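As structure tokens, the structure follows; a few thoughts come after it.
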Amino acid sequence: MPVQRPSAIRSSPERLRLERMLANAVQDTDAYGAALYLPLPGENALRLDTLIGVPLEFIAPWARVPLGAPTPGTDAVRGARFVWISGTEELTHRYPQSALILPYDFRLAAAPLLADGVCHGTVLLFWPASHDERLPGAERERVQELAAGMAGVLHRAAEAEKPLRPLAATRVLPEPGGAAAPGGRSAPLAVAGFLERLPDGCCALGLDARITYINHRGAELVDRGVEQLMGALPWEALPWLDDPVYEDRYRAAVISRRPTSFTALRPPGQWLTFRLFPDASGISVLISPARVGEHPEQPGKQEHHPAEPTRVGSIYQLMHLAGALTQATGVRQVMELAADHLMPAFGAGGFALMVAEGGRMRQAGHRGFPDATLNRFDGMPVSGHAPVARALTRGTPVFLASPEERARLFPAGPAPDDAMRAWAFLPLIVSGRPVGTCVLGYEQPHPFPPEERTALTSVSGLLAQALDRAQLYEAKHRLAQGLQQSLLPQSLPPMAGRLDVAARYASATHGMDIGGDFYDLIRLDPVTAGAFIGDVQGHNVTAAALMGQVRTAVHAHATAGAPPDEVLTRTNQLVTDLDPGLFTSCLYAHLDLSRHRALLASAGHLPPLLHVPGHGTEVLRVPPGLLLGIDSGARYEIAEVPLPAGSLLVLYTDGLVEIPGEDIGLSVSALAERVSALAGLERLDDIADALIEPVGAGGQRADDVALLLLRPS
């Protein structure tokens with residue numbers, strides 16, 4: 001992301017005043033960093049304008065934030081209110097996406113920049129994890145004074161018709177008090193001598209992670225020269241540190257301002273322990289050979305040490321999961337996506353998704369667990385005492401690092417009968433409403449370090465929202481399909497010995513709206529029938545309602561004995577009077593089975609097909625009338641065609657032939673060829689199934705399809 005340093009541009013007096021206010025506020029409130037967001041002109045979004053005390057790459061995912069996004073800053077702007085985040089737990093529950101970006105313990109305040117009822121942006125301040133969980137009144141007042149002062153500057157600039165727009169590249173200010181010169185050249189000789197005499201290695205990192213000092217013992221331990229290391233990023237200068245898990249420890253130290261550590265293997269076989277001690281100016285690092293028990297390959301020792309790198313370094317994979325979940329349209333898809341990403345990201349051997357329905361847990365899918373293990377959870381009361389239910393009812397994760405811990409915390413529960421030795425039960429809660437539980441299983445005892453617990457809790461928030469959306473999608477889809485089917489005929493009247501009939505309806509492969517495609521067959525007497533098919537414009541409840549009204553009108557006029565042209569004329573008058581704002585195509589066929597003929601009338605519908613054995617399949621030319629609902633005075637013409645015994649009349653809607661970018665005439669001709677190839681099948685149902693099967697475009701169907709096949713005897 002582009003960065004502007006203070007010396008790179010000439011600042012206006014107003015901007016310089018804002019920068020001084022921001023720097024002074026950081027010092028006055030003991031915050032270690034701050035960020036100023038300004039609204040983007042013409043867009044419903046905020047841009048990160050000025051930053052101090054926080055590395056830009058840490059906050060880069062928040063560089064441009066839509067106002068509708070759930071973040072502390074946007075909430076402050078939308079609600080015109082002060083927002084305080086007391087730590088990781090609160091950030092995770094209120095803003096899981098933000099917690100996924102920064103899964104570390106810190107405090108945060110966001111204040112809107114309000115002046116005369118106008119919001120000019122927001123200012124964020126960051127405190128270390130050692131800060132009180134409650135913001136002291138004096139600090140809150142100072143933040144609010146800062147916000148009011150900055151809002152005044154911005155408001156006056158706007159009134160003077162010189163508004164301050166957000167910079168195209170974020171302006172990064174130096175940390176208050178400045179930083180020591182690279183290489184420690186300004187350090188007193190006595191201090192330099194002291195550092196060189198230490199038996200262990202030590203180095204200093206700037207907040208940008210570059211090495212500003214390293215003693216000779218530290219360089220010796222990492223097997224590089226001092227000159228090679230000065231000014232370099234550790235994971236660039238030392239390839240064996242080029243792993244997100246190690247960079248994550250540095251990020252944790254900078255954001256939380258708490259000491260942290262990790263153990264890494266310097267090839268070929270030297271384990272080193274790195275202890276990081278951060279403050280506002282940088283990070284001091286102690287480097288020493290790992291002691292017994294501090295690295296995972298020490299024989300005879302249990303792997304347990306605070307320096308173990310966590311899998312939070314897989315945050316990039318989790319960010320991909322967050323994006324993928326926004327596209328999930330079903331519970332099973334949510335389960336598959338979560339398993340694909342979470343199992344490798346956290347080293348889990350098993351994943352399961354349980355949903356809460358009717359006060360009981362139901363298994364939505366799993367991977368890596370034996371079926372018998374998850375079957376125990378099916379039907380379990382949500383209010384039960386097992387960990388899968390306990391996590392959901394209390395709204396807090398349950399982490400069981402070993403079988404012994406599980407037996408100690410849940411002695412009444414059944415002993416696990418699978419290979420998992422550690423478990424994480426993550427509650428999935430949306431707006432205070434429980435929707436399910438995510439279960440991770442580990443094949444070995446797993447300590448669940450604090451940052452990993454934070455990341456898992458953040459992921460559970462994203463997963464809960466995705467699951468809730470997927471359940472709503474599926475419920476709406478079932479409702480739409482049920483309504484659609486209720487508006488279509490449940491069965492077609494028999495014309496025994498006279499007419500063989502098959503009908504199909506298929507909804508689009510994607511989407512869940514209610515379609516307007518319809519068809520029906522009317523038995524007028526033992527030797528005559530009326531068949532019709534149509535398509536209402538749109539995919540919504542209005543289209544479905546109109547479809548039902550059109551079907552009813554066609555039925556009424558046909559059974560009253562009206563010829564095809566009159567059926568469409570009268571139905572058109574009804575649709576025009578209703579004025580639904582939608583148009584409808586319709587094809588009506590009056591079948592005279594004793595004379596083996598058909599009378600056809602069309603209201604802008606696609607032409608039917610007629611297959612006659614030995615003569616191929618013909619596209620029937622029916623005079624195209626206006627769509628129903630355009631002109632109340634529209635009139636329709638009749639076309640008479642022979643309908644010999646054994647022939648096949650095919651009525652269909654455009655979803656069967658329409659392909660984006662292709663000529664509709666060519667598509668209809670291609671359908672005619674398919675009908676010719678299939679017409680020899682004895683059963684009409686087999687022909688209908690074959691025709692309705694999606695073809696091309698990877699098997700995707702872009703629109704609903706209705707199909708009606710008629711074969712006179």
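Simple spin-label model, 7 Å along Cα-to-Cβ: residue 227 to residue 690 in nm?
Simple spin-label model gives 8.1 nm for this pair.
Amide H neighbours of residue 50 under 5 Å, at least 5 residues apart or on other chains, H built in the peptide plane: list them.
Under 5 Å from the amide H of residue 50: 36, 171.
Specify which residue in the list 96, 688, 119 is farthest towards the positive end of the charge dipole of the chain, using unit charges on the beta carbon of Lys, Arg (+1) and Asp, Glu (-1), about the Cα centre.
Positive-end residue among those listed: 119.
For Cα extents along the principal axes in Å, one of (i) 116, 73, 48; (ii) 72, 63, 45; (iii) 79, 65, 47 was computed from the structure I shared and the rest are decoys. Which label?
(i)
In sequence order, what are the phi-derived ³J(HN,Hα) couplings for the range 469-475 according to the Karplus relation 6.51 cos²θ - 1.76 cosθ + 1.60 with θ = phi - 60°, rounded to whole Hz, with x for glycine and proline?
Taking θ as phi minus 60°, the curve returns 5, 5, 5, 5, 4, 5, 5 Hz for the range 469-475.
As an exercise, use a Förster radius of 30 Å and the Cβ-Cβ distance of residue 408 and residue 277 to find the FRET efficiency, rounded to the nearest 0.05. Mind dumping the intermediate values first?
Working: r = 35 Å, r/R0 = 1.16.
Calculated transfer efficiency: 0.30.
Return the long-range amide H neighbours of residue 121 (sequence gap of 5 or more, or a different chain), with a cut-off of under 5 Å between placed amide H atoms.
Excluding prolines and chain starts, which carry no amide H, the hits are 113.
Evaluate the charge dipole of the range 1-125 about its Cα centre and quote only its size in Debye, nearest 20, assuming +1 on the Cβ of each Lys and Arg and -1 on the Cβ of each Asp and Glu. Display every interim value, and only then the final one.
Working: 11 positive and 12 negative charges, 68 e Å.
For this selection, approximately 320 debye.
Quick one: net charge of residue 520's neighbours, Cβ under 15 Å, K/R +1, D/E -1?
Working: positive: 504, 523, 551; negative: 517, 535.
Neighbour charge sum, excluding residue 520 itself: +1.
Quick one: net charge around residue 66, please, counting Lys, Arg +1 and Asp, Glu -1 for every other residue with C-beta under 14 Å from its C-beta.
On the way: positive: 47, 64, 78; negative: 43, 75.
Cβ neighbours under 14 Å give a net charge of +1.
Could you calculate the contour length gain from residue 478 to residue 542, that is, 0.36 nm times the residue separation minus the distance between their Cα atoms, to one decimal place in nm?
On the way: separation 64, 0.36 × 64 = 23.04 nm, distance 1.77 nm.
Contour length minus Cα-Cα distance gives 21.3 nm.
Quick one: 3J(HN,Hα) in Hz for the range 626-640, Karplus 6.51/-1.76/1.60 with θ = phi - 60°, rounded, Gly and Pro as x.
Using θ = phi - 60°, the values come out as 5, 4, 5, x, 8, 9, 5, x, 5, 10, 10, 9, 10, 10, 9 Hz.
Would you mind working out the magnitude of the charge dipole of the range 322-405 relative to its Cα centre, with +1 at each Lys and Arg C-beta and -1 at each Asp and Glu C-beta, to the nearest 20 Debye?
Details: 7 positive and 7 negative charges, 46 e Å.
Taking the Cα centre of the range 322-405 as origin, the dipole is about 220 debye.
Give the residue from 638, 614, 578 lying farthest towards the positive end of the charge dipole for the chain; charges sit on Cβ (+1 for Lys and Arg, -1 for Asp and Glu) and the dipole is referred to the Cα centre.
578
With an 8 Å cut-off on Cα pairs and a minimum separation of 6 or more residues, tell me the relative contact order of the chain in percent.
Details: 1443 pairs, mean separation 58.9, N = 713.
That works out to 8 percent.
Name the residue farthest towards the positive end of the dipole of the chain from the options 34, 423, 164, assuming +1 on Cβ of Lys and Arg, -1 on Cβ of Asp and Glu, about the Cα centre.
My answer, from the dipole projection, is 34.
So if I place +1 on the C-beta of Lys and Arg and -1 on the C-beta of Asp and Glu, and nothing else carries charge, what would the dipole magnitude of the chain be about its Cα centre? I want it in debye, nearest 20.
That gives a dipole near 1660 debye.
Taken together, the values in this text are just the output of simple stated rules run on the coordinates, not laboratory data. These numbers were taken from a predicted model, which means no experiment stands behind them. So basically every Cβ, Gly included, is an ideal-geometry build from the backbone, and we count neighbours across all protein chains shown.
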